[in-house]
1. Quick one: would you say residue 92 is in contact with a helix residue (DSSP H, G or I) (Cβ under 8 Å, 6 or more places away or on another chain) and modelled with pLDDT under 95?
2. Which of the residues spanning segment 59-79 are crowded, with 23+ Cβ neighbours inside 10 Å and farther than 22 Å from residue 90 by Cβ?
3. From the list 83, 38, which residue is of a type in the set (D, E, K, R), without any contact (Cβ under 8 Å) to a residue 40 or more places away in the chain, surrounded by fewer than 17 Cβ atoms within 10 Å (Cβ to Cβ) and touching a strand residue (DSSP E or B) at 6+ places or on another chain (Cβ under 9 Å)?
4. Within the group 16, 40, 33, which residue is farther than 20 Å from residue 203 by Cα, among the hydroxyl-bearing types (Ser, Thr, Tyr) and at pLDDT 95 or above?
5. Could you please let me know if residue 178 is in contact (Cβ under 8 Å) with a residue 40 or more places away in the chain, outside any helix (DSSP H, G or I) and farther than 24 Å from residue 13 by Cα?
6. When you check residue 166 against the structure, is it under 27 Å from residue 18 (Cα atoms) and touching a Phe, Trp or Tyr at 6+ places or on another chain (Cβ under 6 Å), yes or no?
7. State whether the residues of segment 177-185 include one that is farther than 21 Å from residue 223 by Cα, touching a Ser or Thr at 6+ places or on another chain (Cβ under 8 Å) and either surrounded by fewer than 23 Cβ atoms within 10 Å (Cβ to Cβ) or at pLDDT 90 or above (or both).
8. Counting only residues that are in a loop (DSSP other than H, G, I, E, B) and touching a strand residue (DSSP E or B) at 6+ places or on another chain (Cβ under 8 Å), which one in segment 186-218 is surrounded by the most Cβ atoms within 10 Å (Cβ to Cβ)?
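The values are calculated or read from the model by the stated rules, or taken from the named source; none is laboratory data. Since this is a predicted model, take the numbers as computed values, not measurements. Counting neighbours? That spans all protein chains shown, and the Cβs are built from the backbone with ideal geometry, glycine included.
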Amino acid sequence: MPDADISGARTSFDASAEPILEFDRVVVHYGASRALNEVSLRVRPGEIVSLLGGNASGKSTTMKTALGLLKPSSGAVRIDGVEVSGTPPSTRIRAGLASVPEARRVFPAMTVQENLFVGGYIRKERRSILAARAAEMFEHFPRLAERRGQRAGTLSGGEQQMLAFARALMSKPRLICMDEPTMGLSPKFVDRVLDEIARLNRELGLAILIVEQQAELALSIAHTANVLRTGEIVLHGPADELIGDPAVRDAYLGKATV
């Protein structure tokens, strides 16, 4: 596993600030099966929160519930203190959430610039505004600027992940939900993606909720971590403390992945 300890690059955040996103004793079912069991968590402005856990632990369910793809059976999901449990994903996006889905999921037949425009359409803004925003993304991601007319499916895996980041930023979010952003990438691109996540947090002040299969990598960039097991949060605390505790690593994280 690559050595990617960039924790010093993280921005600071106000732990007393009101959360952008809050889960309050959230329960989610898949049919008769309980996938989340009274999960409570918070993501504050400027905070990177990591979700860790093994297969079927509830990580993806938590992410889908945050984005409005799943509705809780009980409990509350709040954005800026307002209950949004029954609202669709479009409402969450307009409230400041954005998504970088698992495996990037760019539109391969569309150009880089066209992919960016898709990310901004949710706000129903004029094309001139979207073009100006895309220009900002090209300044922030020079590699994409060089490939603006290139079909997204011809980009490398790392470049597609940069495009997924930029596409999410087109909606002017305050919190980005990232689902396993390093999945399937070569070691050199894993480091680059982690650096980029830290840069988005540091330079733009973005809050980030991240699901990452490689526990040590996730903890290296996170402020706060939540370890899920069979739908329950079994461990919560500062990422620096969790990554440095041998007992925690042995019991919950394993040596490299979860």
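1. Numbers: in contact with a helix residue (DSSP H, G or I) (Cβ under 8 Å, 6 or more places away or on another chain): yes; modelled with pLDDT under 95: yes.
Against the criterion (in contact with a helix residue (DSSP H, G or I) (Cβ under 8 Å, 6 or more places away or on another chain) and modelled with pLDDT under 95), residue 92 qualifies.
2. If the condition is that a residue be crowded, with 23+ Cβ neighbours inside 10 Å and farther than 22 Å from residue 90 by Cβ, then 59 is the only one that fits.
3. Working: 38 fails: without any contact (Cβ under 8 Å) to a residue 40 or more places away in the chain.
Within the list 83, 38, the selection yields 83.
4. Working: 16 fails: at pLDDT 95 or above; 33 fails: at pLDDT 95 or above.
After ruling out the rest, the residue left standing is 40.
5. On the way: in contact (Cβ under 8 Å) with a residue 40 or more places away in the chain: yes; outside any helix (DSSP H, G or I): yes; farther than 24 Å from residue 13 by Cα: no.
Answer is no for this residue.
6. Working: under 27 Å from residue 18 (Cα atoms): yes; touching a Phe, Trp or Tyr at 6+ places or on another chain (Cβ under 6 Å): yes.
Taking the combined requirement at face value, the residue satisfies it.
7. no
8. Let us first name the residues in segment 186-218 that are in a loop (DSSP other than H, G, I, E, B), namely 186, 205-206, 212-214.
This time we only want the ones that are touching a strand residue (DSSP E or B) at 6+ places or on another chain (Cβ under 8 Å), so: 206, 212.
Numbers: 206: 22, 212: 26.
Going through the qualifying residues, I end up with 212.
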